[in-house]
Amino acid sequence: MEYKDYYKILGVSRSATADEIKRAYRKLARQYHPDKNKSAGAEDRFKEINEANEVLSDAEKRKAYDTLGANWKAGQQFTPPPGWDFSQAGAGGFGRGRARAGSSAGAGGFGGGNAGFSDFFSQLFGGVGAGGFGGGFEDYAEAEAPATHARLTIALEDSYNGAQRHINVGGRTLNVRIPKGVGAGQTIRLAGQGSHGGDLLLEIDFAPHAQFKLDGRDITTTVNIAPWEAALGGKIDVPTLGGTVELNLPANSRGGQKLRLKGRGLPGKTPGDQFVVLQVVAPPAASEADRTFYADMARHFESFRPRG
């Protein structure tokens, strides 16, 4: 008979609190529940998760299990200590069981006794169980508490680079990972962090940006250029979400013209682009020399009518 490391199965430490165990179980139960996960091995994994929860979520069973010690490793051959008796191993005469109403019904044949539990469980706890695998289905139903919805406002840079943010919800500080490329209206799910143990769904908003406007996954920015840059062309510096880049400005550019920086918008399977809107800005005629220069330029371009 192989030893079962129930802490490892749920992915928690041996010092985990009851709430930590509950959250870990609910997260894994949603992931591997046979109604939602049809991949090979998911059903067996779900059985393991239920068995681990059956022991670790019950203070008396957990205490009895912990008396075996922490030196055993999953898969090792295991035999209960001589004279092992669950009812005498710190369980306080737990022989009453705790079967749940309806736990053996509607479970696709998994309910009844310790059906679905391992030989290891049966050797340690005998006939004491929660109605078998059917009890796990009821636990899973309990995990389906309504989700809590909230809004999370982030900067465009958070989506472009990915980020970590701390938020306060109900007096708790939660760490939120902002994935690269997350878009407005998309949600980030924090399993088990909402009200009554349900999930917390954070809908993404973007804060107004001083330089960029967002349209889907594309961004737009306006860049000022001098008249001679517009006329002669050349290289100009352009701000992007990833830092400043050089843009080749074509000769005879005009105000209002749009140039595209491919792939410089928000990341994604198809990254967005950045559009650069040119705005021609003339220097002021602040001195007599400036005014003379503009007068000479006016005579030189006498036939030019910019207003069409």
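Would you confirm whether any residue within the stretch 256-278 is of a type outside the set (Ser, Thr, Tyr), in contact with a Leu (Cβ under 8 Å, 6 or more places away or on another chain) and closer than 30 Å to Leu28 by Cβ? Scanning the stretch 256-278, I find no residue that is of a type outside the set (Ser, Thr, Tyr), in contact with a Leu (Cβ under 8 Å, 6 or more places away or on another chain) and closer than 30 Å to Leu28 by Cβ, so the answer is no. When Ile236 is tested against (1) in contact with a helix residue (DSSP H, G or I) (Cβ under 8 Å, 6 or more places away or on another chain); (2) hydrophobic (A, V, I, L, M, F, W, C); (3) within 30 Å of Lys27 (Cβ to Cβ), only condition (3) is not met.
Of the residues making up the stretch 54-72, just one is exposed (fewer than 11 other Cβ atoms within 10 Å of the Cβ) and under 33 Å from the mean Cα position of the chain (by Cα), namely Ala70.
Each row is one residue, and each column tells you yes or no for (1) surrounded by 13 or more Cβ atoms within 10 Å (Cβ to Cβ); (2) small (Gly, Ala, Ser); (3) more than 30 Å from Phe301 (Cα to Cα).
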| residue | (1), (2), (3) |
| --- | --- |
| Gly192 | yes, yes, yes |
| His209 | yes, no, yes |
| Asn224 | no, no, no |
| Trp228 | no, no, no |
| Gly233 | yes, yes, no |
| Pro239 | yes, no, yes |
| Leu247 | yes, no, no |
| Arg254 | no, no, no |
| Gly265 | yes, yes, yes |
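Could you run through the stretch 267-276 and say how many residues are surrounded by 16 or more Cβ atoms within 10 Å (Cβ to Cβ) and either without any contact (Cβ under 8 Å) to a residue 24 or more places away in the chain or polar (S, T, N, Q) (or both)? So the count comes out to 1.
All of (1) closer than 17 Å to Asp273 by Cα; (2) buried (at least 16 other Cβ atoms within 10 Å of the Cβ) hold for Leu201 with one exception: (1). Only one of the numbered conditions (1) free of Cβ contacts under 8 Å to residues at least 40 places away in the same chain; (2) within 24 Å of Leu152 (Cα to Cα); (3) assigned to a strand (DSSP E or B) is not met by Leu259, and that is (2). Here Asp199 passes the criteria (1) closer than 30 Å to Ala29 by Cα; (2) of a type in the set (D, E, K, R); (3) not assigned by TED's automatic domain parsing to the domain that holds Gly185 except the one numbered (3).
Listed by position, the helices (runs of 4 or more DSSP H) enclosed by the stretch 75-184 include none that has at least 2 residues that are modelled with pLDDT of 50 or more, of a type in the set (Val, Ile, Thr) and surrounded by fewer than 14 Cβ atoms within 10 Å (Cβ to Cβ). More than 21 Å from Ile178 (Cβ to Cβ) and either of a type in the set (S, T, N, Q) or at pLDDT below 95 (or both) - does that describe any residue in the stretch 262-280? Looking for residues that are more than 21 Å from Ile178 (Cβ to Cβ) and either of a type in the set (S, T, N, Q) or at pLDDT below 95 (or both), one finds at least one in the stretch 262-280, hence yes.
The values are calculated or read from the model by the stated rules, or taken from the named source; none is laboratory data. Everything quoted here is computed from the prediction, not taken from an experiment. Note that each Cβ is placed from the backbone with ideal geometry, even for glycine, and that neighbours are counted across all protein chains shown.
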